[in-house]
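The values are calculated or read from the model by the stated rules, or taken from the named source; none is laboratory data. All of these numbers come straight from a predicted model, not from anything done at the bench. Neighbour counts run over all protein chains shown; Cβ positions are idealised from the backbone, glycine included. Side chains are part of the model used for accessible areas, which takes the heavy atoms of the whole protein and leaves out ligands, DNA and RNA. Shrake-Rupley method; radii C 1.70, N 1.55, O 1.52, S 1.80 Å.
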Amino acid sequence: MNEHTPILVTGSAGFIGYHLTKALLANGNHVVGIDNLNDYYPVSLKEARLKELEAPLFTFHKVDIADEAALEELFVRYHFRYVVNLAAQAGVRYSITNPKAYLSSNLIGFLNILEACRHHGVEHLVYASSSSVYGLNEKVPYSTTDMVDNPVSLYAATKKSNELLAHAYTHLYGFASTGLRFFTVYGPWGRPDMAYYSFARAIREGKTIKVFNNGDMLRDFTYVDDIITALLKIIPSPPKENEHGDRYKVYNIGNNQPIKLIEFIETLEACIGKTADKEYLPMQAGDVYQTYADVDELVRDFDFRPNTPLKDGLSAFVDWFNAYHT
């Protein structure tokens with residue numbers, strides 16, 4: 001993919017948005033990035049990511065997707081063909097204590113993106129969903145054909161709402177949309193609120209880490225480079241019409257190999273070269289016991305399966321973490 005028309009990446013100062021923008025620029029694409037640079041975690045990390053992205057083909061605008069007028073101005077100016085919406089209020093646990101923070105970005109902001117795509121001839125909207133939509137689903141591995149009507153956090157409910165809204169807009173207005181259910185993404189330049197990042201910081205500083213459900217939780221840890229490889233294949237490939245005539249699709253993007261949390265911690269300890277002091281606690285509200293992605297559709301449609309070994313991914317993260325926190 002090498003687009004002369006700019007590609008819009010919302011949340012470009014975020015974890016996945018940064019990596020995607022970097023990859024698109026490396027492939028010679030012109031990228032317009034937007035982000036509201038909120039202080040959910042240190043803005044300094046977001047600014048450092050943007051500093052890394054400085055390039056002739058990258059244009060950044062500080063814009064909140066909840067600002068309908070600002071979005072309209074950008075869509076009129078740039079005539080986007082592809083839009084990748086990665087802007088969202090993240091965090092399952094944060095949604096327990098700060099529910100209203102999720103309405104502006106995850107619902108109103110996403111609706112604004114859909115409206116802009118509708119009115120400005122966007123060919124393909126790709127947007128971030130989440131494995132959290134599977135909620136209380138007990139069948140594994142999780143398939144995109146499974147029922148996802150039992151979310152256990154507000155965050156999960158907003159992500160399922162995104163999929164429903166995208167389906168309605170795709171059906172009514174004809175543009176293509178693809179939702180991506182990401183499974184526990186980790187890697188360099190990651191979010192400090194994620195468990196692996198806070199674990200690394202605590203281990204290095206000799207502080208106690210909190211291990212929920214005694215470490216007996218399974219997660220489909222997915223290295224960020226695998227997410228980006230999938231995105232680069234999906235963005236220029238709008239879904240074909242389904243049996244209802246809609247160009248709408250949802251994919252799982254996960255490592256397809258769930259790992260126990262305690263094993264993840266032990267691998268991180270080995271990469272850091274230091275053992276953590278652990279406090280074992282019960283399961284937290286909003287958490288699920290396991291996540292496990294069925295990626296057969298991703299393999300069928302794009303001949304790609306996420307496959308970065310955990311040790312390799314965590315080693316790369318620790319190398320970056322040590323360099324960034326010198």
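How many residues, within the range 140-156, are small (G, A, S) and surrounded by fewer than 17 Cβ atoms within 10 Å (Cβ to Cβ)?
Qualifying residue count for the region: 1.
Quick check: anything in the range 232-251 small (G, A, S) and either in contact with a strand residue (DSSP E or B) (Cβ under 6 Å, 6 or more places away or on another chain) or surrounded by 18 or more Cβ atoms within 10 Å (Cβ to Cβ) (or both)?
Looking through the range 232-251, none of the residues is small (G, A, S) and either in contact with a strand residue (DSSP E or B) (Cβ under 6 Å, 6 or more places away or on another chain) or surrounded by 18 or more Cβ atoms within 10 Å (Cβ to Cβ) (or both).
Among residues belonging to the range 105-148 that are more than 24 Å from P236 (Cα to Cα) and among the charged types (D, E, K, R), point out the one that is nearest to the chain's Cα centre (by Cα).
Restricting to residues being more than 24 Å from P236 (Cα to Cα) and among the charged types (D, E, K, R), the top hit is D146.
Just one of (1) more than 24 Å from P42 (Cα to Cα); (2) open to solvent by less than 10 Å² (accessible area, probe 1.4 Å) trips up F183, so point out which.
With (1) more than 24 Å from P42 (Cα to Cα); (2) open to solvent by less than 10 Å² (accessible area, probe 1.4 Å) applied to F183, the lone miss is (1).
Within the range 163-209, count every residue that is under 27 Å from Y292 (Cα atoms) and part of a loop (DSSP other than H, G, I, E, B).
Total meeting the criteria: 10.
Find the residue count for the range 210-220, including only residues that are touching a Pro at 6+ places or on another chain (Cβ under 8 Å), open to solvent by 10 Å² or more (accessible area, probe 1.4 Å), not basic (K, R) and not in a helix (DSSP H, G or I).
Summing the residues that are touching a Pro at 6+ places or on another chain (Cβ under 8 Å), open to solvent by 10 Å² or more (accessible area, probe 1.4 Å), not basic (K, R) and not in a helix (DSSP H, G or I) in the range 210-220 gives 2.
Checking the structure you have, find out if any residue of the range 108-116 is among the aromatic types (F, W, Y), farther than 20 Å from V250 by Cα and either open to solvent by less than 60 Å² (accessible area, probe 1.4 Å) or part of a loop (DSSP other than H, G, I, E, B) (or both).
No, the range 108-116 has no match at all.
With T208, T178, T184 as the choices, which residue is in contact with a strand residue (DSSP E or B) (Cβ under 6 Å, 6 or more places away or on another chain) and more than 24 Å from T21 (Cα to Cα)?
Unique residue meeting the criteria: T208.
Taking only the range 135-157 into account, find how many residues are hydroxyl-bearing (S, T, Y) and either in contact with a Leu (Cβ under 8 Å, 6 or more places away or on another chain) or without any contact (Cβ under 8 Å) to a residue 60 or more places away in the chain (or both).
Of the residues in the range 135-157, 1 are hydroxyl-bearing (S, T, Y) and either in contact with a Leu (Cβ under 8 Å, 6 or more places away or on another chain) or without any contact (Cβ under 8 Å) to a residue 60 or more places away in the chain (or both).
Quick one: would you say I209 is under 16 Å from P309 (Cα atoms), in contact (Cβ under 8 Å) with a residue 40 or more places away in the chain and of a type in the set (A, V, I, L, M)?
Against the criterion (under 16 Å from P309 (Cα atoms), in contact (Cβ under 8 Å) with a residue 40 or more places away in the chain and of a type in the set (A, V, I, L, M)), I209 does not qualify.
Among the numbered conditions (1) more than 27 Å from I228 (Cβ to Cβ); (2) open to solvent by less than 10 Å² (accessible area, probe 1.4 Å); (3) not hydrophobic (A, V, I, L, M, F, W, C), tell me where N98 comes up short.
Just one mismatch for N98, condition (2).
Suppose we keep only residues that are of a type in the set (A, V, I, L, M) and crowded, with 18+ Cβ neighbours inside 10 Å within the range 293-315. Which one would you say is nearest to S132 (Cα to Cα)?
Among residues in the range 293-315 that are of a type in the set (A, V, I, L, M) and crowded, with 18+ Cβ neighbours inside 10 Å, the one nearest to S132 (Cα to Cα) is A293.
Conditions first: (1) outside any loop (DSSP other than H, G, I, E, B); (2) on the phi > 0 side of the Ramachandran plot. V126 passes all but one, so which condition is the exception?
(2)
Might you let me know whether the range 117-133 holds any residue that is among the basic types (K, R) and open to solvent by less than 20 Å² (accessible area, probe 1.4 Å)?
No, there is no match, as no residue in the range 117-133 is among the basic types (K, R) and open to solvent by less than 20 Å² (accessible area, probe 1.4 Å).
Of a type in the set (S, T, Y), modelled with pLDDT of 95 or more and within 18 Å of the chain's Cα centre (by Cα) - does that describe any residue in the range 214-225?
yes
When you scan the range 228-326 for helices (runs of 4 or more DSSP H) that lie fully inside it, which ones turn up with 2 or more residues that are aromatic (F, W, Y)?
Answer list for the range 228-326: 310-324.
Return only the number of the condition from (1) among the hydroxyl-bearing types (S, T, Y); (2) more than 16 Å from Y196 (Cα to Cα); (3) open to solvent by 40 Å² or more (accessible area, probe 1.4 Å) that T275 does not satisfy.
(2) is the only condition that T275 fails.
Looking at the range 252-265, which of the residues that are among the aliphatic types (A, V, I, L, M) and more than 20 Å from K159 (Cβ to Cβ) is least open to solvent (accessible area, probe 1.4 Å)?
Among residues in the range 252-265 that are among the aliphatic types (A, V, I, L, M) and more than 20 Å from K159 (Cβ to Cβ), the one least open to solvent (accessible area, probe 1.4 Å) is I265.
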